[in-house]
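What follows is one structure encoded as structure tokens, with my remarks underneath.
The values are calculated or read from the model by the stated rules, or taken from the named source; none is laboratory data. None of the values given here were measured: they were computed from a predicted structure. All Cβ positions, even for glycine, are placed from backbone atoms using ideal geometry, and neighbour counts span all protein chains on display.
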Amino acid sequence: MSQLSEQSMNNIEQWLQDSYIDEDTKRELRNLEQEPQELEDRFYKDLEFGTGGLRGIIGAGSNRINRYTIGKATQGFAQFILKSYGKAEGKPSVVIAYDSRHFSPEFALEAALVLAGNGIVAKLFPSLRTTPQLSFSVRDLGATGGIVITASHNPPEYNGYKVYNAEGGQLIPHEAEQVIQYIKEVEGFSAVKKLTQAEAEAQGLLVWLGEADDDAFIRTVAQQSMNSDLIRSSLGKDFAIVYTPLHGTGNIPVRKTFEAIGFTNVHVVPEQEQPDAEFSTVKSPNPEEREAFTLAMKLGQELDADILIGTDPDCDRMGAVVKDKDGKYIVLSGNQSGAIMIHYLLSQLKEAGKLPDNGVVIKTIVTSEMGASIARHYGAEVLNTLTGFKYIGEKMTQFEQSGEYTYLFGYEESYGYLSGNYARDKDAVLAAMLIAEAGAYYKGQGKTLYDVLEELYEQFGYFQERLESRTLKGKDGLAQIQSKMTDWRNQPPLEIAGVQVKEVLDYSIGLDGLPQENVLKFMLEDGSWFCLRPSGTEPKIKVYFAVRGESLNNAEERIVMLVQEVMSRVDA
């Protein structure tokens, strides 16, 4: 173990000597004695609790996700709840949901029993549920907070732990900072308070949720439909939908929501219908990637389906595939789907005379301006937030309380969408319903969604966007990511791809009233931009690009040049 840092050696020794840690875990660590690099990565730091919670590789170690790191984080969260809401009437409560990943049920129960050990009622779903349902249920049940066990679309070896406030939104920075401080104050795993399941149930501190909660969620999502009467009367049986939950949580709620608003021609990809922690039919269970739709496309071609829809494992991200004029399936980007949904939603509200004067659409700083242009066309205000739906949710709550704006739609380029005020996190159940409904509505007018997209390009400009990312794992990878950000911050380019850099927006100093975040956005003279941002959930540096061209070909040419030049420096 001579190659290990002193920090790692101390952490390993603490784990091996801790009587609170079980022998199987200690055996796992002893079996790694001849793999110092692996041990170093497991112990060189504690798994960081970011603004969204924990996410990491499953396994023994302080830099891994396991029942001990889950328990310690939950003890810190319990302290936060007791200090923040302890004077409220009745016992505080936390809703807990989990997805289809390895150890998700075990981690969810661990969190529940730690909460119970702190006198907090844990309201636990007995089987997998979607992240947006968790957000909804926190609000619907009047809970003090929420926890969902998920690693979204990360590879199978990952799991995660996301924490929600009483509004049903992920913790915003000042809340997360308090939880982090409470976690730091937990003096070892033996300081984690915990009941047995029998004790928690007997004391009424572990409550199991069920069918009534599911029905309330589906009913509320279905109420966001713009044209359910039309879908039920004629369009729902003719519009053919192929859906894949990508082995995750979306299968039942998405199908029930389709049924609730009148879609009857729905076909689920059989190979991907059932939960599977290995996501064995895809390289990545990510509806942002074309490869994830391989089986859906095959089934779609057999059925001549009008649209293919996929959701990620915890069903908070939705991807759609539509036909072009030649009948070829085209994967829509998150920006394109968002633009279509904004146009459909706002046009229908206007037609019905229900478009409010103070309507607002909220997007992130790395999301296309196309949706913003459409929203402004309909008289809506557009606001930007940092990346992360928690910031959109925070604005929703502010406006609900102040009445300054009426929330219409919020979205991220990373396939996250929400209309309606029932939740504070992105909802792929809602997005699947809305994009399918838009598809059926326009089919009734003799158009595909791709036709609608082309019409929007002609009206608002030919917007094109790209996302490039570089994965840099481990301790060295983290240092490389930070070095690259420092290089771009200290030596910004004067021009890129023959275009002058007009302005550099450094969000680490806090811009436009937004929280500080390690993000750089470069605005070019021709209206193009690109943005560098370390991922908050994966060992990646992400680079976002956007241009607006005079034609589709012009926009594509310009974005290719921009991507090539920027990435040549990122990769240097």
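Scanning the range 261-298 for residues that are part of a helix (DSSP H, G or I), in contact with a helix residue (DSSP H, G or I) (Cβ under 8 Å, 6 or more places away or on another chain) and among the β-branched types (Val, Ile, Thr) yields a single hit, 261.
Return the pair list, or none, for Cβ contacts closer than 6 Å from residues in the range 439-458 that are modelled with pLDDT of 95 or more to residues that are of a type in the set (Asp, Glu), at least 6 apart or on different chains. As it stands, the answer is 439/306; 450/324, since those pairs meet every condition given. One residue stands out among those in the range 519-530 that are at pLDDT 95 or above and part of a loop (DSSP other than H, G, I, E, B): the one that is farthest from residue 498 (Cα to Cα), which is 519.
For the range 531-570, a residue qualifies if it is among the β-branched types (Val, Ile, Thr) and either modelled with pLDDT of 95 or more or in the same structural domain as residue 386 (by TED's automatic domain parsing) (or both), and the qualifying residues are 541, 543, 547, 559, 560, 563, 566, 570. In the range 499-515, which residue that is assigned to a loop (DSSP other than H, G, I, E, B) and free of Cβ contacts under 8 Å to residues at least 60 places away in the same chain is surrounded by the fewest Cβ atoms within 10 Å (Cβ to Cβ)? Going through the qualifying residues, I end up with 513.
Among the residues of the range 516-544, write down those that are more than 30 Å from residue 157 (Cβ to Cβ) and in contact (Cβ under 8 Å) with a residue 24 or more places away in the chain.
The answer is 520, 521, 522, 524, 525, 526, 528, 530.
This table checks each residue for (1) touching a His at 6+ places or on another chain (Cβ under 6 Å); (2) within 30 Å of residue 513 (Cα to Cα); (3) surrounded by 21 or more Cβ atoms within 10 Å (Cβ to Cβ); (4) at pLDDT 95 or above.
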residue	(1), (2), (3), (4)
116	no, no, yes, yes
145	no, yes, yes, yes
155	no, no, no, no
165	no, yes, yes, yes
192	no, no, yes, yes
206	no, no, yes, yes
214	no, no, no, yes
219	no, no, no, yes
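Here residue 148 passes the criteria (1) under 17 Å from the mean Cα position of the chain (by Cα); (2) in a loop (DSSP other than H, G, I, E, B) except the one numbered (2). Take residue 486 and tell me if it is hydroxyl-bearing (Ser, Thr, Tyr), at pLDDT below 95 and more than 30 Å from residue 306 (Cα to Cα). No: the conditions fail for residue 486. Of the residues making up the range 401-432, those that are over 18 Å from the mean Cα position of the chain (by Cα) and of a type outside the set (S, T, N, Q) number 5. Mind checking which pairs have a first residue in the range 358-374 that is over 20 Å from residue 347 (Cα atoms) and a second that is polar (S, T, N, Q) and in a helix (DSSP H, G or I), Cβ under 8 Å, 6 or more apart or different chains? The qualifying pairs are 367/335. Any residue that is among the charged types (D, E, K, R) and closer than 30 Å to residue 394 by Cα - is there at least one of those in the range 426-435? Checked against the condition, which is being among the charged types (D, E, K, R) and closer than 30 Å to residue 394 by Cα, the range 426-435 yields at least one hit. Looking at this structure, is residue 276 closer than 20 Å to residue 422 by Cβ, surrounded by 15 or more Cβ atoms within 10 Å (Cβ to Cβ), acidic (Asp, Glu) and under 23 Å from the mean Cα position of the chain (by Cα)? It is false that residue 276 is closer than 20 Å to residue 422 by Cβ, surrounded by 15 or more Cβ atoms within 10 Å (Cβ to Cβ), acidic (Asp, Glu) and under 23 Å from the mean Cα position of the chain (by Cα). Counting only helices (runs of 4 or more DSSP H) that sit wholly inside the range 1-102, those with at least 2 residues that are surrounded by 22 or more Cβ atoms within 10 Å (Cβ to Cβ) are 6-17, 36-43, 67-85.
Results for (1) aliphatic (A, V, I, L, M); (2) without any contact (Cβ under 8 Å) to a residue 40 or more places away in the chain; (3) outside the structural domain of residue 168 (by TED's automatic domain parsing), shown as yes or no for each residue.
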site: 222; (1), (2), (3): yes, no, yes
site: 267; (1), (2), (3): no, yes, yes
site: 275; (1), (2), (3): no, no, yes
site: 285; (1), (2), (3): no, no, yes
